[in-house]
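As structure tokens, the structure follows; a few thoughts come after it.
The values are calculated or read from the model by the stated rules, or taken from the named source; none is laboratory data. Here the structure is a predicted model, which means the values were calculated and not measured. Because the Cβ atoms are built from the backbone with ideal geometry, glycine has one as well, and the counts that use them run over all protein chains shown.
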Amino acid sequence: MRYQRRPRRNGPACTKRVTIHQLQVAFDATEDRLLFRLTTVAGEEFRVFLTRRFVKGLWPLLIKTIDSKVAVKAPIAEARREVMAFEHEKAVRETDFKTPFQEPPPQAPRQFPLGEAPYVATQGNIRLVDGVFKLALNPASGQGIEIGLDDRLMHSLCRLIEQSTRSAEWDLPFFGNTPAQPVAMDAPSANLPRHLLN
């Protein structure tokens, strides 16, 4: 993952790369927005608000980009849906959704590189770079973040967004009709490496 200050017209962007520790997507009823939180192994935290309108526009792009990657393995549409469903199931099975989001101890210093208050994402983009999903979440002005996600994190993030959107009762029409919807999962193997998502 990286965050960067947008460049001035004649100046370069200032970019810093960091390693993801945990992700969380939860519905904030007071704001009527999804709160996306990301922490790094260095103890930094990034907070982003996702509005209904933003999610409505972003979700089809997420699924389309996943589909384009799967298409390399399965050019036929029907086979592609089966491969996507299998990869989604595998990703969710290998991800820890049960462990609560780990808040730092009260005495621990908190680091919020983009501010403690969440910014509202108004511009988003998803692309594939060397097989890695690059998700950009940017405000109308100022700094934003770009997150590098492997297949497992990408599918798991989609599940978090869908679950939180259902909790928000936003009634987005495409949920329930997309290959990335949650499916019944078997108990995960204790030997599988796991990411913390909540």
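List the strands (runs of 3 or more DSSP E) that sit entirely inside the stretch 110-153 and contain at least 2 residues that are surrounded by fewer than 17 Cβ atoms within 10 Å (Cβ to Cβ).
Of the strands (runs of 3 or more DSSP E) lying wholly inside the stretch 110-153, those with at least 2 residues that are surrounded by fewer than 17 Cβ atoms within 10 Å (Cβ to Cβ) span 123-129, 132-138.
So is Phe97 more than 12 Å from the chain's Cα centre (by Cα), surrounded by 10 or more Cβ atoms within 10 Å (Cβ to Cβ) and at pLDDT below 90 or not?
Yes: the conditions hold for Phe97.
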